[in-house]
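What follows is a short report on a single structure.
Any read-out appearing in this document is the output of simple, stated calculations on the displayed coordinates, not a laboratory observation. Nothing here was measured: the structure is a model prediction, and the numbers come from that model. Neighbour counts run over all protein chains shown; Cβ positions are idealised from the backbone, glycine included.
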Amino acid sequence: MKRALLIIATGVSLWIPSVTAQDAESEVRTLIVQRDRDIKAAIRAMENDPSQREVARSLINDRIDFEEMGRLALGRYYEDLSSKERSDFIETFGGIVRAQSLGDLSVYEAPVTIKAVTVTGEKASVSTTSRVREADLDVIYQLHRKDGVWWLYDIIIDDVGTVEGYSVSFQTFLRKRGFEAFMQSLRKRLASEEG
């Protein structure tokens, strides 16, 4: 009897992690699908009501973890910043990304096919294909779970990641000119994007 209970308990304990992983994969898939639907609806609404532009911008950006994206983009330089410098950087960087997010709407209007969802612990990757202007684009969404919520921290389009793109220019600038000049440049860029 004890042996039978032990076998059942072992079987259940082995089964629970796979159910949890399946639940996480389903949760991430649902997030990406719903986000895509909501963004497409907001962009269609913008055609008749320009005030919907901010709704679309929010839907595109509100699930992005700009702190994690910025930390990864700055690499080792991030650790050297004070909490105020980090906060200023994240706010300015997030503002730039938000301002640029409605630049090319065809990316958001394109049909999306999810090819794979992979969850490993607190990280997830969603591999998709989007058909934009008669060409297939491979788009990979990198997410992590923070405080029980899934957040995007990188979007990789045809092997070029958002983090990677910013990382090269940001780190080169920081190495050559320092943080103050870097922030002046970012603030100027944000003003230009918003103006």
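Details
- Eligible lysines near K123 by straight Cα distance, threshold 30 Å, same-chain separation 8 or greater: K40, K84, K115, K146
- The range 81-90 - phi-based ³J(HN,Hα) in whole Hz, Karplus 6.51/-1.76/1.60, Gly and Pro as x: 7, 6, 5, 5, 4, 4, 4, 4, 4, 4
- HN-Hα J in Hz across the range 183-192 - Karplus 6.51, -1.76, 1.60, θ = phi - 60°, x for Gly and Pro: 5, 4, 5, 5, 5, 5, 5, 4, 4, 5
- Annotation: the antiparallel percentage among DSSP beta bridges lying fully within the chain is about 95.
- You can think of it this way: the chain between T113 and A191 has 24.5 nm of extra reach, that is 0.36 nm per residue less the Cα-Cα gap.
- Taking amide H positions as modeled 1.01 Å from N, with prolines and chain starts lacking one, the residues under 5 Å from V132 and 5 or more places away or on another chain are L137.
- Principal-axis tilt of helix 2-48 within the chain, Cα atoms, nearest 10 degrees: 30
- Extension gain from S58 to I157, taking 0.36 nm per residue of separation minus the Cα-Cα distance: 33.6 nm
- Across the range 92-106, rounded Karplus estimates of 3J(HN,Hα) from the backbone phi angles (6.51 cos²θ - 1.76 cosθ + 1.60, θ = phi - 60°) give 5, 4, x, x, 5, 4, 4, 4, 7, 5, 9, x, 10, 6, 4 Hz, Gly and Pro being marked x.
- Answer label, with Rg and Dmax of the Cα atoms in Å calculated from the coordinates and candidates [x] 18.6, 55; [y] 20.4, 75; [z] 17.2, 49: [y]
- Anchor K188: aspartates and glutamates whose Cα lies under 15 Å away (excluding residues fewer than 8 positions away in-chain): D88, E91, E180
- Net dipole in debye of the chain [+1 Lys, Arg Cβ; -1 Asp, Glu Cβ; about Cα centre; nearest 20]: 420
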